[in-house]
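> Mind looking over this structure? Questions follow.
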Amino acid sequence: MLELLTLLYILYLLIKMYAALMEIGFVVKARDLKAVVLSPSNYLKAAAYKIATQKLSLVLSLFDFVLFFGWITFGFSALNYALDIDDESLHSILFVMSFIAINYLLLLPFDLYQTFGLDKKFGFSTIDTKTFILDQLKSTVMFILLGSAFFWVMSMIIMAYAYWWFYGFLFSFAIILFINMIYPIVIVPLFNKLTPLQDESLKNSIEALLHKAGLKSSGVFSLDASKRDNRLNAYFGGLGSSKRVVLFDTLIEKLEKHELLAVLGHELGHFKHKDILKNIASSALMLFIMFVLFGNLPAELFDSLHVKKTAGSVMVLFLLLSPLVSFVLMPLFGLISRFNEYRADEYGSECESKEALASALVKLADENKSFPLSHPLTIVLYFTHPPLTERLKKLGMSFNEGEALAH
């Protein structure tokens, strides 16, 4: 069983690395064409950033294999031996928390390089060292408090029920929904400053859009995203009565009013078409599949890892192998998501105009330096949104490959 899982994990990493290499080769060739969609200077910057991030993903894939191999050969048994505790629930919590903490520390250099190396170099990251450290400390405290409580309950469920995977799924999914509900009210303010939108004209226009779509929110807010990053974004956060419209201050600064309303109209299209409920259902299905798979692992697998089949070892294997399952399921969910994005674009166009949404999408790509072209394999494996060029064509924008889009 261990040999099979190892082969599957190697195959998973090889596919990821092959896709990254294909993407690099594709972007290198496309880079030499005339700029498409983006301004010429940002087209070259976006290509360079895409190539750099894909090279980083190659290194990360290799490091992931080293981590995986280390854990299954000696890591689990060494950690189990170091935590010489008789109480199974306490042992399980410490086993899982230690596994996550070790992975976090080993992967931290890559995070630092991404934030203070690549993103600084390409003009995205604006975060300073103090803010980064404070973010890490806050996240660590939250993880210790909430994570330990979550894993304690999960260990109780695993030890108490033969079909623990079913009850564990129900509990985990309930927690996910709860976090989504409190996220804009409790978690976001710990890291960012949310202020009610000051532009009354824009606020009234947004509220009119919400009313038209039948969505009730608890307010429209501006988020000080620029203290960490220059990228543009907006989202509807929360569930039920906690729903909030959150606009990055960078978005408010860069987009015209009609463009911003078109972007929000797109997001409202997801609400109107019940895509949010569909996404929740999709997430539930993916989570359920994982619990079914990892809830029925044979005892022989744990013997080959030189650990007992306990709540802690089960949860750690879940965490170690769940990316593999997500990777297998992602192409199907990505295909559905891309279809939903086209429909949301249609609704956003109806809220303002096709021209307004197309102009907003071009500005978003230009400011975020998102390279507009990708290798077909990358699209199939990873894309939840259609390629920008395809979205613009659907919106009636005509342009030829190798020519800049007039905007």
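The values are calculated or read from the model by the stated rules, or taken from the named source; none is laboratory data. All figures in this text were calculated on a predicted structure; none of them were measured in a lab. Backbone-built Cβ (ideal geometry, glycine too); neighbour counts: all protein chains shown.
> Could you list, ordered by first residue, the pairs with Cβ atoms under 6 Å in which the first is in segment 125-153 and closer than 22 Å to V316 by Cα and the second is surrounded by 13 or more Cβ atoms within 10 Å (Cβ to Cβ) and not hydroxyl-bearing (S, T, Y), at least 6 apart or interchain?
Qualifying pairs under 6 Å: S148/I93; F151/I93; F151/V96; W152/I93.
> Tell me the residue from Y104, Y9, Y49 that is aromatic (F, W, Y), surrounded by 14 or more Cβ atoms within 10 Å (Cβ to Cβ) and within 30 Å of L357 (Cβ to Cβ), please.
Only one candidate qualifies: Y49.
> Here's a follow-up. On the given criteria, is I127 over 30 Å from H273 (Cβ atoms) and β-branched (V, I, T)?
Yes; evaluated as a whole, the condition is true for this residue.
> Quick test of your reading of the structure: S205 fulfils all but one of (1) within 22 Å of the chain's Cα centre (by Cα); (2) in contact (Cβ under 8 Å) with a residue 24 or more places away in the chain. Name the failing condition by number.
Every listed condition holds for S205 apart from (1).
> Confirm whether S218 is out of contact with any Pro (no Cβ under 9 Å at 6 or more places or on another chain), farther than 22 Å from H385 by Cβ and surrounded by fewer than 19 Cβ atoms within 10 Å (Cβ to Cβ).
Considered against the rule, which asks whether it is out of contact with any Pro (no Cβ under 9 Å at 6 or more places or on another chain), farther than 22 Å from H385 by Cβ and surrounded by fewer than 19 Cβ atoms within 10 Å (Cβ to Cβ), S218 comes out as no.
> Here are some conditions: (1) assigned to a helix (DSSP H, G or I); (2) within 25 Å of the chain's Cα centre (by Cα); (3) surrounded by 18 or more Cβ atoms within 10 Å (Cβ to Cβ). R343 meets all but one. Which one does it not meet?
(3)
> Assuming L145 fulfils every condition listed in (1) surrounded by fewer than 15 Cβ atoms within 10 Å (Cβ to Cβ); (2) within 21 Å of L297 (Cβ to Cβ); (3) among the hydrophobic types (A, V, I, L, M, F, W, C) apart from one, which condition is it?
Evaluating L145 over (1) surrounded by fewer than 15 Cβ atoms within 10 Å (Cβ to Cβ); (2) within 21 Å of L297 (Cβ to Cβ); (3) among the hydrophobic types (A, V, I, L, M, F, W, C) leaves (2) as the failure.
> Please work out which residue is modelled with the highest pLDDT, limiting yourself to segment 30-85 and to residues that are of a type in the set (F, W, Y) and either outside any helix (DSSP H, G or I) or touching a Lys or Arg at 6+ places or on another chain (Cβ under 9 Å) (or both).
Residue satisfying both the conditions and the ranking: Y49.
> Take D366 and decide whether it is of a type in the set (D, E), in a helix (DSSP H, G or I) and modelled with pLDDT under 90.
Judged against the criteria, D366 is a match.
> Name the single residue that is farthest from the chain's Cα centre (by Cα) among those in segment 232-269 being modelled with pLDDT of 85 or more and of a type in the set (K, R).
The extreme case among them is K257.
> Next question, about the same structure. Working only within segment 148-181, note down all residues that are of a type in the set (G, A, S), over 26 Å from the mean Cα position of the chain (by Cα) and buried (at least 16 other Cβ atoms within 10 Å of the Cβ).
S155
> Another question, then. Please identify the pairs in which a residue from segment 81-103 that is in contact (Cβ under 8 Å) with a residue 40 or more places away in the chain has its Cβ atom under 6 Å from the Cβ atom of a residue that is in a helix (DSSP H, G or I) and among the hydroxyl-bearing types (S, T, Y), counting only partners at least 6 apart or on another chain.
From residues that are in contact (Cβ under 8 Å) with a residue 40 or more places away in the chain, the pairs are S89/S155; S92/S155; I93/S148.
> Suppose the filter is under 22 Å from Q54 (Cα atoms) and touching a helix residue (DSSP H, G or I) at 6+ places or on another chain (Cβ under 9 Å); does L134 pass it?
So L134 does not fit the description; no.
> Name the single residue that is farthest from G123 (Cα to Cα) among those in segment 22-42 being without any contact (Cβ under 8 Å) to a residue 60 or more places away in the chain and surrounded by 14 or more Cβ atoms within 10 Å (Cβ to Cβ).
I24
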